[in-house]
Amino acid sequence: FEVVSAVDGAQGVEQFRAEQPDIVLMDVMMPVMDGYEATRRIKAASSRWVPVVFLSALDKEENLVAGLDAGGDDYLAKPVNFVILEAKLRSLVRTLGLQRRLDEEMRRIAAITDNIVDGVMTIDERGIIQWWNPVVENIFGYSRTELLGQNVSMLMPDPYRARHDGYLRRYLESNESHVIGLGQRQVTGLRKDGTEFPMELGVSEMQVDGVRQFVGVLRDISARFEME
């Protein structure tokens with residue numbers, strides 16, 4: 001391990017921002033800023049998971065709870081048993097390795113979805129848009145902030161817009177499907193500027209942590225129609 005030290009909580013936060021360490025060992029009783037506040041600031045300043053292990057002479061139950069509530073990931077009472085500390089560090093290193101591989105895989109998946117020619121989006125059981133790739137923005141002309149949290153029916157002209165929520169509700173109640181799970185089919189889309197266009201759409205269902213979500217893969221086929 002390469003070690004960076006700090007004499008108080010405030011300096012610890014500064015060192016964290018400057019050095020970007022992988023693991024933090026945090027005391028509780030320190031001058032200027034205590035360990036609880038320093039941990040809260042470190043967690044708020046980090047865009048990745050950085051485990052914080054408290055090492056403190058305060059070993060009562062309320063101290064442990066306060067440390068975990070502040071964002072700590074583990075708590076060891078002083079005097080520190082260095083055999084246990086070493087074992088915990090090894091465990092955290094293994095977990096960090098798994099986290100980094102997961103982050104790398106997510107970046108790879110994001111790069112793939114951002115560069116495929118089809119639009120991909122997910123909606124929840126209420127039809128609210130949860131995620132989409134940049135192709136969807138290009139096809140419909142909406143920005144990210146305009147799509148986030150909106151009902152997917154905004155991308156459909158009437159009468160499909162008015163009927164969409166009813167179709168989705170019937171599917172959830174009876175599995176009666178007009179689009180979901182039926183492969184690619186031709187539908188009509190609606191751009192932000194109000195123009196309608198033909199597109200191919202395929203919708204499938206998935207479950208994430210027991211929650212039903214729907215994935216739509218769509219393609220603007222206006223150019224093909226014009227050629228025909």
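The values are calculated or read from the model by the stated rules, or taken from the named source; none is laboratory data. Small disclaimer: the values here were computed from a predicted structure and weren't measured. Ideal geometry is used to build each Cβ from the backbone, glycine not excepted, and the neighbour counts take in all protein chains shown. Please note that ligands, DNA and RNA were not included when accessible areas were found on the heavy atoms of the full protein model with its side chains. Shrake-Rupley method; radii C 1.70, N 1.55, O 1.52, S 1.80 Å.
Calculate the length of the line joining the C-alpha centroid of the range 137-193 to that of the range 7-69, in whole Å. Cα centres, the range 137-193 to the range 7-69: 46 Å. Which of the GluC sites (Glu not before Pro) found in the range 115-201 are in a DSSP loop and have at most 14 neighbouring Cβ atoms, other than their own, within 10 Å? Here the sparse-neighbourhood loop sites are E125, E176.
In this simple spin-label approximation, V93 and Q213 carry label points 7 Å from Cα along the Cα→Cβ vector, and these lie 3.4 nm apart.
Based on the Cβ-Cβ distance of R185 and Q11, what FRET efficiency does E = 1/(1 + (r/R0)^6) give at R0 = 45 Å, to the nearest 0.05? It comes to 0.15.
Our compactness index for the range 1-105, the C-alpha radius of gyration over the empirical 2.2 N^0.38 Å, is 1.04. Bridging of K60 to aspartates and glutamates at a Cα separation below 20 Å is possible for D27, D34, E37, D69, D73, D74, once same-chain residues fewer than 8 apart are set aside.
Per residue, the range 53-160 exposes 60 Å² of solvent-accessible protein surface, assessed with a 1.4 angstrom probe and all protein chains in place.
Rounded to the nearest whole Hz, the Karplus-based 3J(HN,Hα) values (6.51 cos²θ - 1.76 cosθ + 1.60, θ = phi - 60°) of the range 89-97 follow the sequence 5, 4, 5, 5, 5, 4, 5, 4, x, with x at glycine and proline.
Within the listed set V32, V217, V135, the Gaussian network model of the chain (springs between alpha-carbon atoms below 10 Å) gives the highest mean-square fluctuation for V32. Split the accessible area of the chain by element, probe 1.4 Å, and carbon with sulfur accounts for 53%. Karplus-based coupling profile of the range 199-214, in residue order and whole Hz: 8, 9, 9, x, 10, 10, 9, 9, 10, 10, 6, x, 9, 6, 9, 10, with θ = phi - 60° in 6.51 cos²θ - 1.76 cosθ + 1.60 and x standing for Gly or Pro. Accessible surface of E14, taken over heavy atoms with a 1.4 Å probe and every protein chain present, rounds to 120 Å². Given a 1.4 Å probe and the protein chains as shown, L147 ends up with an accessible area of around 0 Å². The slack between R126 and V80, meaning 0.36 nm per residue of separation minus the straight C-alpha distance, is 11.4 nm. One quarter of the convex hull surface built on the alpha carbon atoms of the chain amounts to 17.9 nm², the projected area averaged over directions.
Site pair E105 and V3 shows an inter-label distance of 3.5 nm when each label is modelled 7 Å from Cα along Cα→Cβ.
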